[in-house]
Amino acid sequence: MKSADYRNAPMEKMSWNVFIGVVLGQIVSSYTLGIVGVALDRVPSSMTLSSTWLGLLGAGSLIGLFGSLLVGRLADRYGRRKFFMADMLALTLLSVLQLFTTNLATLLVIRIALGMAIAVEYTVGTALLMEWVPAKRYFRYQTYLLAYWAIGYFAAYLVGTFTTGFGDRTWQVILASSAIVSALAGLQRLVVRQPESPRWLASKGRIIEAINLVHRYVGEDYTVHPAPQVEVKKGAWRMLFSKKYRRRTLVGGLFYACQTFPFFGISIFLPILMENMNVTTPLVTQLLYYALMIAGVLVGIVLSNRLPRRYFLIGTFLASAAFLLVLSIWHQAPLALTLILFSLFSLTISAALVMDYAYPNELFDASIRTSGVGMCIAISRIGAVAGTFMLPIISNAWGSQAIFIICGTVLLIGGIICYQWAPETSLRFAKHNRSTINEPSGSRVTSSRYSDSTID
């Protein structure tokens with residue numbers, strides 16, 4: 001009797017260990033990204049910090065996330081585990097270094113390096129999770145990650161807002177506080193050693209090693225049934241833009257970029273935006289914004305598990321665009337209405353984020369997954385960096401109305417891209433959806449052809 005694939009097994013102890021490790025990595029990543037905005041808001045007036053430098057430092061870690069291109073390629077070649085184990089040490093050391101410099105250029109280099117380390121969590125962590133958790137639970141657990149990511153972002157805001165007592169060095173202490181979070185996550189990875197991906201081992205022809213790993217952690221009733229091999233003759237990066245993968249690569253990157261442009265630009269520099277909006281209670285408003293971010297992710301988890309991926313993407317893009325564009329047109333609306341619309345934007349854009357990890361991972365098979373996800377993340381960083389760098393400059397020159405117009409337009413473009421080209425990757429809905437992934441010949445196929453990468 002043929003053994004069942006290990007991804008059809010119940011959630012085992014090792015699967016939970018991997019999930020916890022990835023969750024902690026997401027909290028560290030969002031904390032490290034989110035802490036910069038509130039820290040820079042506490043820079044002493046004696047330091048001259050222009051809007052250009054403010055934008056550069058805010059975008060520094062997001063620039064570093066372009067390293068996902070290299071990380072993804074290396075992880076597809078050498079495996080997930082090595083990078084996953086070493087990453088938290090790098091994040092801890094780099095975070096501590098922020099205590100010892102006030103030189104803006106040096107600090108920018110450190111922030112970029114932190115972004116490169118975070119790229120490991122976004123590419124390797126999510127791929128490792130996909131390749132260890134049961135297939136039927138994968139999408140749900142990938143969306144759960146965003147809830148924890150939002151918690152880390154909110155925690156960064158709280159720590160940054162209420163940290164005092166260090167004089168002119170308070171902003172540096174706030175930045176370096178991410179070392180505490182990453183050290184705790186690193187300790188978990190040392191105590192509970194994370195295994196290699198059986199799926200990756202099998203894709204490299206190390207099938208006996210993969211089967212032994214499955215028998216050890218899942219049980220002898222299960223084995224590895226690898227997806228059909230993809231021979232990458234041209235190199236992983238070029239393969240991603242071949243006829244087979246091009247549509248998936250571009251859609252995965254562009255929808256992500258259109259989300260991250262407004263999200264990071266607004267959330268990182270929320271204090272500046274609140275000042276330009278003439279909000280009388282900025283602290284309360286900011287707390288509400290971040291609380292709704294968490295609520296939005298939870299709403300997104302529920303809806304994304306019940307709706308087709310494609311329709312969920314289109315709906316969240318258009319709704320969040322509408323709220324910002326109304327704000328831009330009706331800029332003299334009563335303050336209460338402005339805050340309601342802004343809160344609805346926070347709720348909707350946060351709900352949309354649940355697709356950021358799950359959807360790109362569903363678009364690629366195991367042999368090229370981390371390269372594919374890495375490319376999607378790299379493309380998305382164009383949006384994230386542009387939004388974060390431009391917001392302080394735009395805000396200083398033209399105010400909040402211009403920010404809402406630009407961000408709303410980018411979201412509208414994202415909705416159009418998803419309507420035109422986003423494939424349905426859910427097995428449950430793909431057969432009823434006429435937008436499916438095209439084969440090189442141009443024939444339409446359902447996502448069932450991609451059983452390793454398209455999971456409900």
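The table that follows gives values for the structure above.
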| read-out | value |
| --- | --- |
| Tally, over the stretch 205-242, of residues that are buried (at least 16 other Cβ atoms within 10 Å of the Cβ), modelled with pLDDT of 85 or more and not in a helix (DSSP H, G or I) | 5 |
| R42, sole failed condition from (1) out of contact with any Ser or Thr (no Cβ under 6 Å at 6 or more places or on another chain); (2) at pLDDT 90 or above | (1) |
| Some residue of the stretch 11-25 being of a type in the set (S, T, Y) and within 17 Å of A183 (Cα to Cα) | no |
| Some residue of the stretch 390-406 being within 20 Å of L65 (Cα to Cα) and either out of contact with any Phe, Trp or Tyr (no Cβ under 8 Å at 6 or more places or on another chain) or not charged (D, E, K, R) (or both) | yes |
| Filter result for Y217 (in contact (Cβ under 8 Å) with a residue 60 or more places away in the chain, among the hydroxyl-bearing types (S, T, Y) and within 29 Å of L146 (Cβ to Cβ)) | yes |
| Of the criteria (1) crowded, with 21+ Cβ neighbours inside 10 Å; (2) modelled with pLDDT of 95 or more; (3) farther than 14 Å from V36 by Cβ; (4) small (G, A, S), which one A119 fails | (2) |
| Residue that is farthest from T106 (Cα to Cα), among those in the stretch 75-86 that are crowded, with 20+ Cβ neighbours inside 10 Å and of a type outside the set (D, E) | R80 |
| Filter result for V96 (farther than 26 Å from L201 by Cα and touching a residue at least 60 places away in the same chain (Cβ under 8 Å)) | yes |
| Residue that is nearest to G60 (Cα to Cα) [pool: residues in the stretch 381-392 that are modelled with pLDDT of 90 or more and touching a Ser or Thr at 6+ places or on another chain (Cβ under 8 Å)] | A384 |
| Long-range neighbours under 9 Å by Cβ, at least six apart or interchain, first residue outside any helix (DSSP H, G or I) within the stretch 140-165, second of a type in the set (K, R) and modelled with pLDDT of 90 or more | T163/R42 |
| Within the stretch 46-62, tally of residues that are part of a helix (DSSP H, G or I) and surrounded by fewer than 19 Cβ atoms within 10 Å (Cβ to Cβ) | 3 |
| Number of the condition not met by V43 [criteria: (1) touching a residue at least 40 places away in the same chain (Cβ under 8 Å); (2) crowded, with 18+ Cβ neighbours inside 10 Å; (3) not in a loop (DSSP other than H, G, I, E, B); (4) not acidic (D, E)] | (3) |
| Residue within the stretch 71-87 that is over 17 Å from the mean Cα position of the chain (by Cα), farther than 30 Å from R169 by Cβ and not in a helix (DSSP H, G or I) present | yes |
| Top-ranked residue in the stretch 165-196 [being at pLDDT 95 or above, farther than 30 Å from E131 by Cβ and touching a Ser or Thr at 6+ places or on another chain (Cβ under 8 Å); ranked as surrounded by the fewest Cβ atoms within 10 Å (Cβ to Cβ)] | T170 |
| So I266, is it hydrophobic (A, V, I, L, M, F, W, C) and at pLDDT 85 or above | yes |
| Residue under evaluation G315, criteria (1) crowded, with 24+ Cβ neighbours inside 10 Å; (2) closer than 22 Å to R140 by Cα, criterion not met | (1) |
| Answer from L91, L97, L129, L65 - the residue that is crowded, with 24+ Cβ neighbours inside 10 Å, at pLDDT 95 or above and not in a loop (DSSP other than H, G, I, E, B) | L91 |
| S328 being surrounded by fewer than 24 Cβ atoms within 10 Å (Cβ to Cβ) and touching a residue at least 60 places away in the same chain (Cβ under 8 Å) | yes |
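Here is a yes/no grid of residues against (1) more than 18 Å from T143 (Cβ to Cβ); (2) touching a strand residue (DSSP E or B) at 6+ places or on another chain (Cβ under 8 Å); (3) crowded, with 17+ Cβ neighbours inside 10 Å:
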position: F264; (1), (2), (3): yes, no, yes
position: A291; (1), (2), (3): yes, no, no
position: I294; (1), (2), (3): no, no, yes
position: I301; (1), (2), (3): no, no, yes
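The values are calculated or read from the model by the stated rules, or taken from the named source; none is laboratory data. Everything quoted here is computed from the prediction, not taken from an experiment. Positions of Cβ are generated from backbone atoms using ideal geometry, with glycine treated the same way; all protein chains shown enter the neighbour counts.
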